[in-house]
1. With only alpha-carbon pairs counted, each pair once and no self-pairs, how large is the Kirkwood hydrodynamic radius of the range 7-58 in angstroms?
2. Before anything else, pin down the relative contact order of the range 17-77: Cα pairs under 8 Å, at least 6 apart, normalised by residue count, whole percent.
3. Mind sorting 67, 37 by how few other Cβ atoms lie within 10 Å of their own Cβ, fewest first?
4. Helix 59-77 versus the longest principal axis of the chain: what angle, 0 to 90°, nearest 10, using Cα atoms?
5. What distance in nm separates the simple spin-label points at residue 35 and residue 1, each placed 7 Å from Cα in the Cβ direction?
6. Counting other beta carbons within 10 Å of each Cβ, put 33, 61, 27, 5 in order, fewest first.
7. Between residue 76 and residue 50, what length comes free when the chain is fully extended (0.36 nm per residue of separation minus the Cα-Cα distance, one decimal in nm)?
8. Helix 8-31 versus the longest principal axis of the chain: what angle, 0 to 90°, nearest 10, using Cα atoms?
């Protein structure tokens, strides 16, 4: 049997969660809020633009920031 790493999806989930928690901490600290729902549209646009820029070179960080933006948008629709 060939070598195989099992449960890679669980590792991926943990890495994504770590990046998300790290990104939320940075976002809240930078904007002086307790949670991302307190952000305004301009701030969300700034976060999204950063997530798509060359300055955000780590894929997991960009994904986490876009998730924060998507969740904020969903909250606004409710």
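1. 12.3 Å
2. For the range 17-77, the relative contact order is 40 percent.
3. 37, 67
4. 50 degrees
5. The two pseudo-label positions are separated by 4.4 nm.
6. 5, 33, 61, 27
7. That pair, residue 76 and residue 50, stretches by 7.3 nm at full extension.
8. 20 degrees
All of the numbers you see were taken from the coordinates with simple rules; none came from a lab. Just so we're clear, the structure is a prediction, and the values are computed from it rather than from any experiment. So basically every Cβ, Gly included, is an ideal-geometry build from the backbone, and we count neighbours across all protein chains shown.
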